[in-house]
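The values are calculated or read from the model by the stated rules, or taken from the named source; none is laboratory data. Please read all numbers here as calculations on a predicted model, not as lab measurements. Methodologically, a virtual Cβ is constructed for each residue, glycine included, from the backbone with ideal geometry; neighbour enumeration extends over all protein chains shown.
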2 protein chains.
Amino acid sequence: MKVDQPLFFDVMSYANQADRDVIRMVSGNPDWEPPEALREGLRQYADQDADTFQYAPSVGLPRLREQIAKYHNVSEDRVIITNGAGQANYLAMSIALDHTPSGEVFAPDPGYPYYQKRTPVLGGTLKKLTLDTDGAPDINQLQQTVSEETAAIILNSPNNPTGKVYTAETVKKIVELAEQNDVFVISDEVYHQFDYSGQFTSVLEFESSHGIMTNSFSKSLAITGFRVGYSILPEPLVEEARARNMLINVSVNRPGQAAVSHALNATDEAYFESNKHQLRERIDTFVSVLEEYGVQCVRPEGGFYVRVYPQNLGGTLENAKHMIDSAGVAGMPSTAFGDDVDDWFRFALTTDRISDAAHRLGEYFVD
Amino acid sequence: MKVDQPLFFDVMSYANQADRDVIRMVSGNPDWEPPEALREGLRQYADQDADTFQYAPSVGLPRLREQIAKYHNVSEDRVIITNGAGQANYLAMSIALDHTPSGEVFAPDPGYPYYQKRTPVLGGTLKKLTLDTDGAPDINQLQQTVSEETAAIILNSPNNPTGKVYTAETVKKIVELAEQNDVFVISDEVYHQFDYSGQFTSVLEFESSHGIMTNSFSKSLAITGFRVGYSILPEPLVEEARARNMLINVSVNRPGQAAVSHALNATDEAYFESNKHQLRERIDTFVSVLEEYGVQCVRPEGGFYVRVYPQNLGGTLENAKHMIDSAGVAGMPSTAFGDDVDDWFRFALTTDRISDAAHRLGEYFVD
């Protein structure tokens with residue numbers, strides 16, 4: 001089977017090779033600081049006895065699982081630490097596709113490309129979870145198409161790339177539909193700390209036997225490289241999830257788990273609020289400057305990304321390259337997120353050169 | 001699909017709950033120190049700029065890949081960093097089973113149980129790679145049974161649990177057989193630094209288009225918890241392996257990679273020699289004490305493990321528990337490594353209480 005790399009890499013390497021100054025707004029790597037306690041946790045770990053350098057339990061360090069369970073108000077048994085949310089999603093999809101072999105996986109379209117690309121690798125059949133004009137899942141379409149042939153419905157709220165935060169009603173309807181058809185809802189909630197709408201609703205709130213939550217500290221602690229994520233599963237799935245998880249990765253790196261656990265313990269709410277506040281300001285700046293140029297943008301309800309609809313420039317890889325060369329700004333073309341969309345670009349607000357980027361883009365788009 | 005956890009966990013948790021002093025010889029967790037430079041590398045990493053806390057390239061940090069490539073004398077392109085050898089094996093098996101869907105996987109029997117348990121999870125059909133009385137793969141059996149229905153043959157040398165180090169001739173014959181049948185040889189070489197026979201031969205030596213090597217720093221640097229492993233693949237498999245690897249884990253933890261890279265650079269050969277020497281002495285002590293009691297042992301040619309054949313005690317989980325309670329020594333029963341073997345126990349020499357353990361066992365077995 002030919003497995004493609006996501007288009008991210010093409011855009012990033014083109015930007016890296018450009019013969020000019022480029023403002024990089026491609027990846028979701030936070031450009032802000034992790035909490036100081038994270039560094040401290042890593043230093044303390046480095047000095048510990050050698051026996052703490054050996055395998056963590058396959059499900060994760062007990063203390064970290066306890067912290068996660070407490071935060072989400074669930075039983076510790078249901079928490080499995082994974083190598084980032086990426087592996088949590090891989091694990092959840094592999095469980096769903098074991099329950100319904102060759103089953104359909106509804107992944108948001110446009111959507112984060114890893115969901116789409118993992119589906120055939122795990123033997124599933126990719127189906128489009130269509131979004132309404134507002135960016136929310138099209139419930140009518142789902143109700144008409146989800147069936148017992150379906151293995152999973154993937155949700156991602158706050159959403160990458162649309163910026164949509166799904167309402168409680170939306171999540172509830174999808175969970176009910178999933179239960180009726182014995183389908184799993186895989187809810188990727190990695191941007192949950194970055195909800196500007198106040199309406200974020202975790203799948204956990206419905207206490208469903210069919211809801212699997214995936215998450216990570218990559219974004220909330222600004223450590224995408226540490227690979228500490230987790231999944232919270234319904235009780236009946238826990239045993240098989242543990243066994244599968246063990247066969248994929250044996251266990252998750254312990255330096256990262258120890259540092260995250262220490263950081264969670266020693267970091268107060270102000271850290272998270274300040275990062276969220278900064279992103280909100282970046283959104284305001286980016287959107288308002290572009291709107292001054294008359295460029296249409298979607299102001300996100302959550303997450304790191306702004307979608308921009310330039311009038312005379314399709315969201316293709318070719319145009320993304322042209323934008324790098326001509327405007328000095330790198331963003332993701334909409335074609336990277338699905339087959340049918342070629343009219344926008346996604347810009348990650350993970351740079352402090354937001355105003356500069358918006359002006360460059362404004363001038364480029366109206367040119 | 002019901003996926004069982006390896007039996008390790010039953011034995012370990014029984015030992016942990018025992019109401020007496022137990023010498024633990026169950027897991028392959030080194031009990032010796034990692035190199036000091038590893039701690040130093042982790043401390044230095046903790047103080048680096050926040051941008052180094054973000055995603056490593058999915059294939060791994062360039063400097064670490066370069067070090068690995070140089071050590072094994074291969075092109076860097078062929079190196080992919082993985083979450084331990086465990087994930088390297090999972091990745092290699094998934095590639096082989098994509099080339100030959102539902103194909104047969106020949107895994108050593110007796111053998112490390114993860115190979116056996118991963119096979120059905122990845123859709124393969126498990127076949128026994130029978131061992132001759134000496135512990136080496138039975139080449140005749142392989143020649144008669146490997147066919148185009150076969151996806152992979154798994155080798156592990158130095159071997160866990162047999163202690164066998166395969167000769168160059170054995171590896172060569174298996175590689176030839178694999179090439180003739182368009183089958184992949186997955187050669188797990190995690191114990192390569194612990195060869196006491198002088199005859200260790202890597203699959204890489206045959207420069208085969210069908211040889212995939214898997215390895216890790218877990219044992220060589222005494223850091224099973226860091227999850228830094230790697231695979232060296234034939235050129236034609238590299239692209240699909242990279243894409244698959246990305247879809248499983250996105251990337252491997254960067255603190256671990258940075259620390260390992262620093263350690264490799266700053267650790268001299270004496271470190272590795274001294275650990276090997278220590279294990280050799282432990283083997284001598286363990287085997288000679290048991291032989292004084294008249295207990296039959298297999299002296300390993302490589303690796304961490306000694307197999308012991310008590311005359312009147314089958315190698316079952318039940319007897320392993322009895323041994324914990326009565327002798328105060330925890331070891332793995334042979335039934336954990338395959339269906340047909342119930343006449344030995346495997347003891348991991350990862351404790352400094354070797355002589356004490358051997359005396360306890362000697363008295364228990366002759367009782």
Notebook entry, point to check: Among (1) crowded, with 18+ Cβ neighbours inside 10 Å; (2) away from every other protein chain (no Cβ under 14 Å); (3) at positive phi, where does A:Glu207 come up short?
Noted result: (1)
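B:Pro57: touching a residue at least 12 places away in the same chain (Cβ under 8 Å), buried (at least 21 other Cβ atoms within 10 Å of the Cβ) and either under 30 Å from A:Ser27 (Cα atoms) or not basic (Lys, Arg) (or both), yes or no? Full working, then the answer.
Values: touching a residue at least 12 places away in the same chain (Cβ under 8 Å): yes; buried (at least 21 other Cβ atoms within 10 Å of the Cβ): no; either under 30 Å from A:Ser27 (Cα atoms) or not basic (Lys, Arg) (or both): yes.
Considered against the rule, which asks whether it is touching a residue at least 12 places away in the same chain (Cβ under 8 Å), buried (at least 21 other Cβ atoms within 10 Å of the Cβ) and either under 30 Å from A:Ser27 (Cα atoms) or not basic (Lys, Arg) (or both), B:Pro57 comes out as no.
This table checks each residue for (1) aliphatic (A, V, I, L, M); (2) crowded, with 24+ Cβ neighbours inside 10 Å; (3) farther than 26 Å from A:Phe226 by Cα.
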residue: B:Val175; (1), (2), (3): yes, no, yes
residue: B:Ala178; (1), (2), (3): yes, yes, yes
residue: B:Asp195; (1), (2), (3): no, no, yes
residue: B:Gly211; (1), (2), (3): no, yes, yes
residue: B:Thr214; (1), (2), (3): no, yes, no
residue: B:Leu233; (1), (2), (3): yes, yes, no
residue: B:Lys276; (1), (2), (3): no, no, yes
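Could you run through segment B:60-93 and say how many residues are in a helix (DSSP H, G or I), within 14 Å of chain A (Cβ to nearest Cβ) and either in contact with a Phe, Trp or Tyr (Cβ under 7 Å, 6 or more places away or on another chain) or crowded, with 24+ Cβ neighbours inside 10 Å (or both)?
Here is the first cut: in segment B:60-93, the residues in a helix (DSSP H, G or I) are B:62-72, B:76-78, B:84-93.
Among the residues that remain, those that are also within 14 Å of chain A (Cβ to nearest Cβ) are: B:62, B:64, B:84-93.
Within this subset, residues satisfying the condition of being either in contact with a Phe, Trp or Tyr (Cβ under 7 Å, 6 or more places away or on another chain) or crowded, with 24+ Cβ neighbours inside 10 Å (or both) are B:64, B:84-93.
Final tally of qualifying residues: 11.
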Next item on the list: Look through A:Ala96, A:Ala107 and report the one residue that is touching a residue at least 60 places away in the same chain (Cβ under 8 Å) and hydrophobic (A, V, I, L, M, F, W, C).
Entry: A:Ala96
Notebook entry, point to check: Only one residue in B:Ala151, B:Ala96 is more than 20 Å from the chain's Cα centre (by Cα) and within 14 Å of chain A (Cβ to nearest Cβ). Which one?
Noted result: B:Ala151
Check: Can you pull out the residues in segment B:230-268 that are within 16 Å of B:Asn89 (Cα to Cα), in a helix (DSSP H, G or I) and either in contact with a strand residue (DSSP E or B) (Cβ under 8 Å, 6 or more places away or on another chain) or more than 14 Å from every other protein chain (Cβ to nearest Cβ) (or both)?
Finding: B:Leu237, B:Val238, B:Ala241, B:Arg242, B:Asn245, B:Asn249
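Can you pull out the residues in segment A:276-323 that are assigned to a loop (DSSP other than H, G, I, E, B) and either among the aliphatic types (A, V, I, L, M) or touching a Gly at 6+ places or on another chain (Cβ under 7 Å) (or both)?
First, the residues of segment A:276-323 that are assigned to a loop (DSSP other than H, G, I, E, B): A:293-295, A:299-301, A:303-304, A:310-316.
Those that are assigned to a loop (DSSP other than H, G, I, E, B) and either among the aliphatic types (A, V, I, L, M) or touching a Gly at 6+ places or on another chain (Cβ under 7 Å) (or both): A:Tyr293, A:Val295, A:Pro300, A:Glu301, A:Gly303, A:Phe304, A:Leu313.
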Next item on the list: Specify which of the listed residues (A:Asp367, A:Asp340) is over 14 Å from A:Val11 (Cβ atoms), charged (D, E, K, R), in contact (Cβ under 8 Å) with a residue 40 or more places away in the chain and surrounded by fewer than 19 Cβ atoms within 10 Å (Cβ to Cβ).
Entry: A:Asp340
Next item on the list: Please determine, by comparing only the residues of segment A:19-38 that are within 17 Å of A:Val228 (Cα to Cα) and aliphatic (A, V, I, L, M), which one is nearest to the other protein chains (Cβ to nearest Cβ).
Entry: A:Leu38
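Which residue, of A:Asp19, A:Asp77, A:Asp47, A:Asp31, is at pLDDT below 95 and either within 19 Å of B:Ser251 (Cα to Cα) or in contact with a helix residue (DSSP H, G or I) (Cβ under 9 Å, 6 or more places away or on another chain) (or both)? Spell out the reasoning first.
Values: A:Asp77 fails: at pLDDT below 95; A:Asp47 fails: at pLDDT below 95; A:Asp31 fails: at pLDDT below 95.
The conditions single out A:Asp19.
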Item checked: Criterion violated by A:Lys117 - all others in (1) out of contact with any strand residue (DSSP E or B) (no Cβ under 6 Å at 6 or more places or on another chain); (2) more than 14 Å from chain B (Cβ to nearest Cβ); (3) at pLDDT below 95 satisfied -> (2)
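Limited to segment B:9-38, what total is found for residues that are aromatic (Phe, Trp, Tyr) and assigned to a helix (DSSP H, G or I)?
Within segment B:9-38, the subset aromatic (Phe, Trp, Tyr) is B:9, B:14, B:32.
Filter once more, keeping what is assigned to a helix (DSSP H, G or I): B:9, B:14.
Result for segment B:9-38: 2.
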Check: Out of (1) part of a helix (DSSP H, G or I); (2) out of contact with any Phe, Trp or Tyr (no Cβ under 9 Å at 6 or more places or on another chain); (3) within 9 Å of chain A (Cβ to nearest Cβ); (4) surrounded by fewer than 19 Cβ atoms within 10 Å (Cβ to Cβ), the odd one out for B:Gly41 is which?
Finding: (4)
Checklist line | Pairs, first under 21 Å from A:Phe217 (Cβ atoms) in segment A:190-202, second of a type in the set (Asp, Glu) and assigned to a loop (DSSP other than H, G, I, E, B), C-beta under 9 Å, six or more apart | finding: A:Asp195/A:Glu301; A:Tyr196/A:Glu301; A:Phe200/A:Glu189; A:Phe200/A:Glu301; A:Ser202/A:Glu189
Checklist line | Pairs, first of a type in the set (Asp, Glu) in segment B:240-269, second assigned to a helix (DSSP H, G or I), C-beta under 7 Å, six or more apart | finding: B:Glu240/B:Ile95
Notebook entry, point to check: Can you tell which of B:Tyr112, B:Tyr55 is more than 21 Å from the chain's Cα centre (by Cα) and either among the β-branched types (Val, Ile, Thr) or more than 18 Å from B:Glu240 (Cβ to Cβ) (or both)?
Noted result: B:Tyr55
